[in-house]
Amino acid sequence: MPAKRDVIFKGVAASSGIAIGKVFFLEDDDFCVIRREIPSNAIETEKRRLDNAVEKTRDELKVVYAKINGVLGKNYARIADAHLLILDDPTMKRDVYELIDNGVNAEYAVFKVIDGIVRSFEFIKDDYFRDRRIDIQDIGKKIIENLLGKQRKAIASLEEGSIVVSHNLTLADTMAIREKLVKGFATDIGGKTSHTAIIAQGLSIPAVVGLKIISSQTRTGDVIIIDGNRGEIILNPTLETITKYREEYTLQFAKRKELEKLKNLPAETTDNHKVLIFANIDNPDEIESILSNGAMGVGLYRTEFIYFNRDTMPTEKDHFENYSKVAEVMSPYPTVIRTFDLGGDKLTKMGFLNMEQEKNPFLGLRAIRLSLKYPEIFIDQLRGILKASAYGKVRLMYPMISGIEELYEANKVLNKVKQDLRKKNIEFDEKMEVGAMIEVPSAAMIIDAIAKEVDFVSIGTNDLIQYTLAVDRVNENVAGLYDPLHPAILRFIKKIIDESHRVGITVSMCGEMAGDPYYTPVLLGFGLDQFSVSSAQIPEIKRVIRSISFVDAKKISEEILKCRSKNSILKTMDTIYTQ
Ligand code: PEP
Ligand code: MG
């Protein structure tokens, strides 16, 4: 019987979509880890017990790897690989052995070591790295379960079409609930970048995580709504709320179907002005999705992700395999590969320098600066990109260019690599286009000079806004100041487009601003040639472009450019949109 009042819990929107159904409460199978004294003559036996449990955990993780690989592909499966790396971490093993040597049982030793590591992670500011503590916790729990001979039984009795509520879901659980056709899930812990969230997005299962106490508030059979768009769950909703959500679900479904019809139509205004919609991707597994949404190319391939979740630098072969796969499938459409933009908020644990110690990492050794400081790493990537260029229409793009010298220096390295490939008769596209991201105000200011040196430019509004307005893009305290409609940003965009067109090169935008339909008419009116957006945004941006005339879009952008304050811009936008 639905309650008289909705009980709403707010969490983190981990995977979008709406699910309405009955709760299946997945018990956390909690167990008590007791400290036992181990006599010195039993210490070796205790260590063997630990080794066997680790071995069993490894076998289980390999099964999870195979499942993820089969359903979502290699890049997602690397998450399970990362778990295997944690399992084999020599420091962790040494610390656990040391505790056993001191005469405590293996379960307790594992618990103590994992607990210490997890606590040290709690103070990490970066969400992605802090969320990794959940992976470590999961591994620890698995080893202890195997030491105790326990198994997570509840998952076997899961009902099809239910909504899972649990304290936490491991990778194995997430794959298992997919097999049971679960509609959605909600958990107490986890963040946007927790691996369970990433897998849920890949599987398109609506999910809200980080709900803190949801598992203590729900029972199997409760009616629940998962709102993966807003990051909310509604427990025992009123009939009125259920009806509202059913309508929203139907609307979303209908809108999706409507947008699907646009897939093969051009991004063309009502008066026949054509632009191109490209997609931003992080890994090759996204290709299927972007093509099914109608992308005409990859406008930004963020290659940093090749560097994550591993202990050693990717090799030239790793680069080549990733890029050639994308280039080949996308061909004849172009693939813009951006050289690595590590640093800033994207750290790696490989430590080719201790970047965590930088006071202002966004102003530090990031992106092209890092590439030029460590040319051997840059060269491996450039070789991989050039070799991949023989397999499709590859374009190369440098991130964070702040001045012309950086561009010259990067091209010098590129030319040396080309020279070497020629000498060895290794095939590559001699005409591969080279472009620069315009995301640093100094580059935007001297765009007339930069535009003459490149084949194309792409505006990175995420950083251009951050650096122009002096607003840290990941600091929630100043999030209100982060404003794509600030007159300075609009003038920069217009200047970049005009100056680039003056020398005959195309302008793309790959920052988030390009994917927000609210800005589409303005950007169109400024003369932007290509919108590079995430897969899910492609149909909506195309719908807006196809519903407006270029003449009107130009009028809008002219009006907006005359405004001197944010308020007058918002007012002008409102009048235009309500006409
Ligand atoms: C940008 O800065 O707008 C951009 C697309 O690059 P990233 O978000 O990877 O810094
Ligand atoms: Mg950027």
- Looking only at region 374-401, which residues have a backbone nitrogen under 12 Å from a spot 7 Å from the Cα of Ile446 in the C-beta direction? 401
- Query: How big is the C-alpha Rg of region 40-148 next to the rule-of-thumb value 2.2 N^0.38 Å, as a ratio?
  - Reply: 1.13
- With all protein chains modelled, accessible area of Phe378 [1.4 Å, Å²]: 0 Å²
- Please get the size of the charge dipole for region 228-338, origin at its Cα centre, with Cβ charges of +1 on Lys and Arg and -1 on Asp and Glu, quoted in debye to the nearest 20. 300 debye
- Message: Taking only the Cα atoms of the chain, how large is their convex hull per residue, in Å³?
- Response: 168 Å³
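For the pairs Lys431/Lys554; Lys387/Lys423; Lys317/Lys418, flag any whose C-alpha to C-alpha distance is greater than 22 Å.
Values: Lys431/Lys554 34 Å; Lys387/Lys423 14 Å; Lys317/Lys418 16 Å.
As for pairs spanning more than 22 Å Cα to Cα, those are Lys431/Lys554.
Given +1 on the Cβ of Lys and Arg, -1 on the Cβ of Asp and Glu, and no further charges, what dipole in debye does the chain carry about its Cα centre, rounded to the nearest 20?
Details: 80 positive and 84 negative charges, 141 e Å.
So the magnitude is around 680 debye.
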- Query: What is region 267-577's relative contact order, in percent, from Cα pairs under 8 angstrom and six or more apart in sequence?
  - Reply: 20 percent
- Query: Can you name the helices of the chain, as whole DSSP H runs, whose Cα span along the helix axis is 15 Å or more and whose Kyte-Doolittle mean is not below 0.0?
  - Reply: 74-87, 106-121, 375-388
- Task: May I ask you to give the percent of accessible area on region 40-148 that is carbon plus sulfur, with a probe radius of 1.4 Å?
- Result: 54 percent
- Task: Using all C-alpha to C-alpha distances in region 267-577, build P(r) with 10 Å bins and read off the rounded percent in each one.
- Result: 6, 27, 36, 23, 7, 1, 0
- Query: What order do Lys494, Lys112 take when sorted by accessible area (1.4 Å probe), most exposed first?
  - Reply: Lys112, Lys494
- Item | Cα centroid separation, region 353-419 to region 196-271 (Å) | 40 Å
- Task: Name the lysines eligible as straight-distance cross-link partners of Lys56: C-alpha to C-alpha under 25 Å, and not fewer than 8 places from it in the same chain.
- Result: Lys47, Lys67, Lys74, Lys93, Lys112, Lys141, Lys142, Lys150, Lys153, Lys180
- Computed over the chain, the relative contact order (Cα-Cα under 8 Å, seq sep at least six) in percent reads 14 percent
- Could you give the nm distance between label points at Thr243 and Ala66, where each point is 7 Å from its Cα heading toward the beta carbon? 5.1 nm
- Task: Evaluate the charge dipole of region 429-579 about its Cα centre and quote only its size in Debye, nearest 20, assuming +1 on the Cβ of each Lys and Arg and -1 on the Cβ of each Asp and Glu.
- Result: 660 debye
- Taking only protein heavy atoms and a 1.4 Å probe, what accessible area per residue, in Å², does region 267-577 have with all protein chains in place? 42 Å²
- Before rounding to the nearest 500, sum -39500 (n - 2.57) across all DSSP H runs of length at least 4 in the chain and divide by the residue total; then give [θ] at 222 nm in deg cm²/dmol. -15000 deg cm²/dmol
- Hey, if you put +1 on the Cβ of every Lys and Arg and -1 on every Asp and Glu Cβ in region 40-148, which of Gly140, Ile86, Gly73 ends up farthest toward the positive end of that dipole? Gly73
- In the full protein assembly as shown, how much of Cys563 is accessible to a 1.4 Å probe, in Å² to the nearest 10? 10 Å²
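Pop out the carbon and sulfur fraction of the accessible area of region 435-520 as a percent, whole number, probe 1.4 Å.
C and S fraction of accessible area: 52 percent.
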- Message: Checking the cross-link filter: which lysines have an alpha carbon closer than 23 Å to that of Lys555, excluding same-chain neighbours under 8 positions apart?
- Response: Lys274, Lys494, Lys495, Lys542, Lys566, Lys571
- Accessible area per residue of region 40-148 at 1.4 Å probe, in Å²? 49 Å²
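How much length would be gained if the chain were fully extended between Lys255 and Glu268, taking 0.36 nm per residue of separation minus their Cα-Cα distance, in nm to one decimal?
Extra length available between Lys255 and Glu268 comes to 2.7 nm.
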- Ordering Lys141, Lys393 by the accessible surface of their heavy atoms, 1.4 Å probe, largest first, yields Lys393, Lys141
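The values are calculated or read from the model by the stated rules, or taken from the named source; none is laboratory data. Worth saying up front: this structure is predicted, and the values here are computed from it rather than measured. Methodologically, a virtual Cβ is constructed for each residue, glycine included, from the backbone with ideal geometry; neighbour enumeration extends over all protein chains shown. Remember, those area values only see protein heavy atoms, side chains included, never the ligands or the DNA or RNA. Shrake-Rupley method; radii C 1.70, N 1.55, O 1.52, S 1.80 Å.
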